[in-house]
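One structure below.
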Amino acid sequence: ATQRRGKMPPATGGGLAESELRPRRGRCGPQAARAAGRDVAAEAVARSPKRPAWGSRRFEAVGWWALLALVTLLSFATRFHRLDEPPHICWDETHFGKMGSYYINRTFFFDVHPPLGKMLIGLAGYLSGYDGTFLFQKPGDKYEHHSYMGMRGFCAFLGSWLVPFAYLTVLDLSKSLSAALLTAALLTFDTGCLTLSQYILLDPILMFFIMAAMLSMVKYNSCADRPFSAPWWFWLSLTGVSLAGALGVKFVGLFIILQVGLNTIADLWYLFGDLSLSLVTVGKHLTARVLCLIVLPLALYTATFAVHFMVLSKSGPGDGFFSSAFQARLSGNNLHNASIPEHLAYGSVITVKNLRMAIGYLHSHRHLYPEGIGARQQQVTTYLHKDYNNLWIIKKHNTNSDPLDPSFPVEFVRHGDIIRLEHKETSRNLHSHYHEAPMTRKHYQVTGYGINGTGDSNDFWRIEVVNRKFGNRIKVLRSRIRFIHLVTGCVLGSSGKVLPKWGWEQLEVTCTPYLKETLNSIWNVEDHINPKLPNISLDVLQPSFPEILLESHMVMIRGNSGLKPKDNEFTSKPWHWPINYQGLRFSGVNDTDFRVYLLGNPVVWWLNLLSIALYLLSGSIIAVAMQRGARLPAEVAGQVLWALPPLTWRQQGTCTPGEGRLPADGPSFAFTTPHLPLSFAFER
């Protein structure tokens, strides 16, 4: 207790100061070199008053910087070598180069990845003189006079930093110059990493942020003995910035977030167990990590989407993937600056859009289902494009009177009403029955039936607003609605399956007996025409930024889950890549073309696999030996002790977690670990 209150005599010479009672995982700055011993005894020797000469330290610093410069120079030289070849589109440049053009032209598009990587590619192209006019149609198309080197150069620039980042990370973790140089050499001469860094791709940008996050995490760990110092805050904040960058390029960045998260949890757990720290200090550590590793990355990640939506303000090929309310904010879209009635009323002419990505509008045409495909009635499908055959008239189920007659008052459609939907172009009602759907088993067929709006009870549907009470009005664009068939009890939806040529390769509409709410069966009203109602500007119905942000993530998640290989498309198995089983052709179809083939360096990749296997094997052997009470060599024992959770010291020489300090008196000190068959001696 006396020692905990700080009444212990101050340590002298190379002894441990009070702030260093808990073993740290590293040191910051010049202290790192003095903490490179293999065990605690070696560290005590390193702390002796004897210091190297000033000239020797200066020589070591010059050598350190010279090696770092050499590693960086080799990395840049290999990545920028023949960067302009081939002068045509290679592999996924057709996608990410095109998306860079969209940013330059401010044209809205959809992609399954977050926007940061494509935004940076577009910015690099803009700053290097590219005007965004190249079409990026297919691999092999010549760039000709278009400026593409700025975008390739930007990706190569970020990819070149992977080698020095890895060098510094390994050097800080191992304190071994030879290990760091080996790491740099393996990455420098790995053909797979090199190839990915030379083209307009997201991979070098993603790897840059992942490696930057790893290096920053290791650096702020090494500053553990100087918490809340300027270097500690710098590396902690830079870790948060890098995490935002990794996640902002691809969702694969979640893996480095998991790595940093586990490291942070372990670090806080150790701090919580250090009884020399007050709870207030532990709270400060927790607050600092929450601010730098959660709040800061989320703010930056959200900011990238804000810039994304602000820049892409024009209607483009991505409109159809988003809701009608989202489309209303895009200039050039037919909903932009439009004025329509706000609430749905009987007699209105409407279009109904499915909320699932890339499904489209409820559609019908005069063609009938072929013989043998359910009832031979008029086809009902979904169609992605604007068309007059998307128009429907909403009517009451029990009357044929014209609701638009001036003598009738306006009557609004409400949640729970029974309605009919009459196809405007053919005057047939939306209809379902117990015949099986053409493509999806156990779903019912949906057809157009009747003459001039006169049909039967299978034309009746109950309209429901998701998560609303009965009697609520239905809003255009904003209300999420379902159509429940009154006779069969099934729900109108789209399976997303493409119909054969008899269905014009449009998408199948079915009535599903499974009532679970899915986006396939949820719709919203987009176009709305009713001369008896006042129009309002759609600006008041546009979604807020949080709603846009949430919708964009839902669309990206659905897009990722829906990614499937196309017919006859080359695919690989997950186990192919770690063993370098096969590569990927980037460019070149015949012998006359400039051919680029992505394949990892076999020496590097197989050596990597061998190293992992040896690490697991040696770790297992050591664990078994320790469990059986074997005495480990001094070097191995020192490494094991350094990897243990924080330990404290007792005068008697026994090491137990939880309390006590290293005694300051006495010429020597010995202790054993009760949970490991190890013993150590220290001298002051």
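Table for the structure above
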| item | result |
| --- | --- |
| Assigned charges on the beta-carbon of Lys, Arg, Asp, Glu; the range 86-167 dipole about Cα centre (debye) | 60 debye |
| Length added when fully stretched, residue 400-residue 387, from 0.36 nm per residue minus Cα-Cα | 2.1 nm |
| Which of 439, 429, 385, positive extreme of dipole for the range 342-445 (C-beta unit charges) | 439 |
| Spin-label model distance (nm) - residue 621 vs residue 535, 7 Å beyond Cα toward Cβ | 8.2 nm |
| Calculated from backbone phi, Karplus (6.51, -1.76, 1.60) coupling profile of the range 455-468 in Hz, x at Gly/Pro | x, 9, 5, 6, 8, 8, 9, 9, 9, 10, 9, 4, 6, 10 |
| Positive-pole candidate from 512, 467, 362, dipole of the range 339-537, charges at beta carbon | 467 |
| Cα centre as origin, Lys/Arg/Asp/Glu Cβ charges: the range 77-311 dipole, Debye | 280 debye |
| Farthest toward positive dipole pole in the range 237-374 [+1 Lys/Arg, -1 Asp/Glu at C-beta], among 285, 351, 243 | 351 |
| From phi via Karplus (6.51, -1.76, 1.60), per-residue ³J(HN,Hα) for the range 199-210 in Hz, x at Gly/Pro | 10, 7, 9, 7, 4, x, 5, 4, 5, 4, 5, 5 |
| Protection proxy ranking, peptides 367-373, 253-259, average beta carbon neighbours within 10 Å, highest first | 253-259, 367-373 |
| Nearest-20 debye value, the range 339-537 charge dipole, Cβ charges on Lys, Arg, Asp, Glu | 540 debye |
| Per residue value of the accessible surface for the range 77-311 (all protein chains in place, 1.4 Å probe), Å² | 41 Å² |
| Sequence of 427, 457 from largest to smallest accessible area, 1.4 Å probe | 457, 427 |
| Cα-based radius of gyration of the range 339-537 once divided by 2.2 N^0.38 Å, which approximates compact folds | 0.95 |
| Surface share of carbon and sulfur [accessible, 1.4 angstrom probe, percent] for the range 77-311 | 73 percent |
| Mean separation of Cα contacts under 8 Å, 6 or more apart, over the residue count of the range 151-190: relative contact order % | 37 percent |
| More than 19 angstrom apart: percent of Cα pairs within the range 133-258 | 58 percent |
| Rounded accessible area per residue of the range 366-420, 1.4 Å, Å² | 56 Å² |
| Sequence ranges 615-624, 62-71, 487-496, ranked by mean other-Cβ count within 10 angstrom, highest first | 487-496, 62-71, 615-624 |
| Over 24 Å (Cα to Cα) - which of 98/250; 396/516; 118/314; 386/475 fall in this group | 396/516 |
| FRET efficiency estimate (nearest 0.05) - Cβ-Cβ, residue 442 to residue 418, R0 25 angstrom | 0.45 |
| Net lengthening on full extension, residue 466/residue 561 (0.36 nm per residue, minus Cα-Cα) | 31.8 nm |
| Heavy-atom accessible surface of the range 339-537: percent carbon and sulfur, 1.4 Å | 51 percent |
| Global form of the range 77-311, assessed from the alpha-carbon gyration tensor, a/c cut-off 1.5 | oblate |
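The values are calculated or read from the model by the stated rules, or taken from the named source; none is laboratory data. It should be emphasised that the depicted structure is a prediction, and the values quoted were computed from it without experimental measurement. We place every Cβ from the backbone using ideal geometry, glycine too, and count neighbours over all the protein chains shown. For accessibility, only protein heavy atoms count, side chains too; no ligands or nucleic acids. Shrake-Rupley method; radii C 1.70, N 1.55, O 1.52, S 1.80 Å.
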